[in-house]
Structures are given as C-alpha cells and as structure tokens.
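Derivation of every value follows stated rules applied to the coordinates shown; laboratory data play no part. Fair warning: this is a prediction, and the values are worked out from it, not measured in the lab. Glycine also receives a Cβ, built like all others from the backbone with ideal geometry; neighbour counts cover every protein chain displayed.
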Amino acid sequence: MNKETICIQSGWKPKNGEPRVLPIYQSTTFKYETSEQMGRLFDLEESGYFYTRLANPTNDSVAQKICELEGGVAAMLTSSGQAANYYAVFNICEAGDHVVLSSTVYGGTFNLLTCTMKKMGISCTVVDPDSDYDTLCQAFLPNTKCVLAETIANPALVVLDIEKFAKAAHAHQVPLIVDNTFPTPINCNSFQWGADIVTHSTTKYMDGHAMCVGGAIVDSGNFDWAAYPDKFPGLCTPDESYHGIVYTEKFGKAAYITKATSQLMRDLGSIQSPQNAFLLNIGLETLHLRMPRHCENALKVAEFLERHEKVAWVNYPGLKSSKYYELAQKYMPDGTCGVISFGLKGGRKAAEEMMDHLKLAAIVTHVADARTCVLHPASHTHRQMNDEQLKEAGVAPDLIRLSVGIENVNDIIADLEQAL
Ligand SMILES: *Cc1c(COP(=O)(O)O)cnc(C)c1O
C-alpha cells in the first residue's frame, strides 16, 4: 500500500463484528482460561497480551502503522521521544560501551547521552554531522555499539547525510540509529539509505495537535546482530532474566524490538498509555495531508523572511540558499519539515522583542504542531548549554525556531510582518 493508505488503513484490522475504529483497550490486564496458558506467555513461548506494561492491543496497532510507514519489520511505542532514544541505545549498550553521537541532536538527547547515560557507564564521542567520512571514522572505538543522529536536526535543521553515516557505522560493525521526528516517514524513509533503527518523538508531527507526549522505535530488520555476537551479547547470548532465551535465535528479525519490549519495557516501564496511543492514531490518519502543507507554508515563510530587511539569516533546508538543499533534495525530495530557524540583525534582544509582538504564533515549548509556534532555544530548551555547546549543537544565541503550522500562510506571514 502507499503511505496515504497506510496512514488511514493500517494497524487496526477489525474482524467480523468488531469495532470499525481502533478501540482503547483501557485495561491493565487480560484474562486467560488456564494458569498453564498464562505461564507460556510469561516464557515468551506463546504470544498474547497479559499486562499492559509489556504489550497492549491499542498500542500494538499504532506501532504497526508506524512500522509500515517506515518500512520496518517491528516497532514499539514508548511514553516519550526521550524514552524512545534511551531504549534504542540502551537496548544494545551497557556499562563500558561507547556511542558515536551527532553534535546537532535535540538538546534532550544530547543531555541523555552526554550526562545521564555517562553516569550509567556509557560514554560517547560527539561528532560534527558535516565532517567528512574519514573524520567520522576516527570517532569509533573498539567498544562502540551504535551511532545516533537526527535525519533533520532539531533545531539546527542540519540534514543528515544518511548514506555517509550508515557507511561509517557499518564499516565498524555497528548499526545507525536515526531520529526521524522532523521529516517523518512521509518525507524520509531512512531505511532505504542504510539506517538500521528509527526513533520518533511522536509528540511532534505524528500526533500533530500537541495533545500527547509519546515516542516510537522501529527496526528495519536489516542489521545482522548474530554476525557480531561479541559486540551484542544482550541479543546473541542467553537472557538469564528470560529463562535463557537467545533473542536472535528465537525471534530472528524481530530480536531487537522483542528484547526492548520484553526486557527494557518490563524493567523500566516507559509505556505509552492506550489513551494517548488512540489519539496518536488519529493524528497519524492525517499525517500525509499535513506534512505537505507544513512544507509548502514553511517554504513561503522562509522566502518571506529571506527578503525582509531586519532578518540577518534564514536556515530552511527547502531554500535554495541552504547549505543542506542538495542533501534535502536527495533524502527528502517531497519536502523536509515545517520548521525554520532564523536570526535578526538586532541579535538576541531583537529576537526576544519580536517574539513578544507575535499574535498568531504562540511562544510555546513545542514544535511540529498544526498551530504555528515559536521558541528561542538559547533561553528555553537549550538554556543548560554553555556557548561552546550551543555552537556545537548548531544553535546560535540569536536563533529563533519557528514552527510553521497549517493555517493560511498569508496570515502567518502577516503576523511575522507586523511583529518585525
Ligand atoms: C522533541 C524531540 C525529542 C524528545 O521527545 P519527547 O517526546 O519530548 O520526549 C527527541 N528528538 C527530537 C528530534 C525531538 O524533536
């Protein structure tokens, strides 16, 4: 099926007489006739639902839809995008291991890897996503277990050279994990370019209406864990907490996601509530309609800003003037995202003042919403970073992050014009 049809039809497949619309399985638990049957579920001998922390039919239907949109083999929902990135890395890393991290990742992901996971004994080397292949390769160590980057960085809007990153990861026998939150699978299918695992903050375009915090992880099924049993013992050697199951032997291409659900979700419990999954599913049904409009509006707004005398610079990968235009054309030819970053000639102070005069665009800690919104990362999301870290993350102190919504673009431009 094509993506538009997947958005509408995939996931929930009602049988005869069942509800047409995905039901909210608002139940922590599921009933069985015999105790033996329940025992087989706990042994992962049989698949079935028994406790919502491990699996829930509403969540599974929505994960299935995201899986098909990305073209993967297995997927899971998480309570947030943060949990998705944490699980995606922690599923294959333990104390003593190392991660190669793109410097322009979202501030929350940067903190997760450089501070919190460091305390867990997992170190990382931060790399410039624009560095050439050989420089990139120098970041790998014998204990490197994965590479983590964003297909379009939030808020730096750096477009990742996915093939370059995949090639470097695979040359060092580790998977490439990409956070595909900004372009969504409507605009970018990174598996076709060599990425192995995709993560999402579904909080953004997938939900699209600023209703639910959520995340997702999708596995392409392409990375051959079993070829490197010494690198990935968690997947390739018996799991003592599950009666000695070897995930790669028992679950094949679904090994990675099965381990993440049956082990990490069991023990860490960052599940998405079925209520939120239900709302996320409604958002997904119109994702294919919203993304093109976000991109169309953003391009017009970016062109308006580029022409404005008070604007010092504009960064939008859909603009021909963008350093990332060529990469965007290659990896996301139908459009990138609705997010623009720009700076004013008056610098940081002018940025704050202009934002205070916006009427339609709201100042919110959010992005990728149907409603136009705006944020000043240096004083909001990234305020814990020092100037050096801000620079590495591609966030200038005067950077305004404008998330262009799906209103009439003339109204968005008029609002910016009066505020400027
Ligand atoms: C927002 C965001 C996250 C974090 O997601 P939450 O759902 O807020 O936890 C991770 N990565 C990217 C690219 C994001 O934009």
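Once the Cβ-Cβ distance of HIS209 and ASP356 is raised to the sixth power relative to R0 = 25 Å, the FRET efficiency obtained is 0.50. Expressed as an acute angle from 0 to 90° and rounded to the nearest 10, what is the orientation of the C-alpha long axis of helix 409-419 relative to the principal long axis of the chain? It is inclined by approximately 60 degrees.
Sorting LEU289, LEU390 on the 10 Å Cβ count, fewest up front, what's the list?
LEU289, LEU390
Computed from backbone phi, the HN-Hα couplings of region 326-341 come to 5, 5, 5, 4, 6, 8, 9, x, 8, x, 9, 6, x, 9, 10, 10 Hz, rounded to whole numbers (Karplus: 6.51 cos²θ - 1.76 cosθ + 1.60, θ = phi - 60°; Gly and Pro given as x). Angle of helix 57-70 to the longest C-alpha principal axis of the chain, folded into 0 to 90 degrees and rounded to 10: 60°.
For the pair GLU303 and GLN9, a Förster radius of 35 Å applied to the C-beta separation gives a FRET efficiency near 0.45, rounded to the nearest 0.05.
Label separation (ASP128 vs ALA227): 3.1 nm, computed from points 7 Å beyond Cα along the C-beta direction.
The ranking of GLU33, GLU353 by Cβ neighbour count inside 10 Å, starting from the fewest, reads GLU33, GLU353. A straight line joining the Cα centroids of region 296-310 and region 401-420 runs 9 Å. The residues neighbouring ALA169, those whose beta-carbon lies less than 14 Å from its own, together hold a net charge of 0 under the Lys/Arg +1, Asp/Glu -1 convention.
Here LYS300 is the anchor, and the lysines within straight C-alpha reach of less than 29 Å, apart from those fewer than 8 places off in the same chain, are LYS3, LYS204, LYS310, LYS320, LYS323, LYS330, LYS345, LYS349, LYS359, LYS391. Of the trypsin sites (Lys or Arg not before Pro) found in region 22-86, the ones in coil according to DSSP and having at most 16 other Cβ atoms within 10 Å of their Cβ are LYS31, ARG53. Once you reduce region 46-103 and region 231-275 to the center of their Cα atoms, the two points are 10 Å from each other. Helix 347-356 and the longest principal axis of the Cα set of the chain meet at an angle near 80°.
Can you give me the Cα centroid spacing of region 4-34 and region 128-181 in angstrom? Spelled out, the Cα-based centre of one part sits 37 Å from the other.
The slack in the chain from GLU407 to TRP313, taken as 0.36 nm per residue of separation less the alpha-carbon distance, amounts to 31.4 nm. In terms of its C-alpha gyration tensor, region 1-110 comes out oblate, because a/c is 1.5 or above while a/b does not outweigh b/c. This ranking places HIS382, HIS288, HIS366 by how few other beta-carbon atoms lie within 10 Å of each, fewest first, which gives HIS366, HIS288, HIS382.
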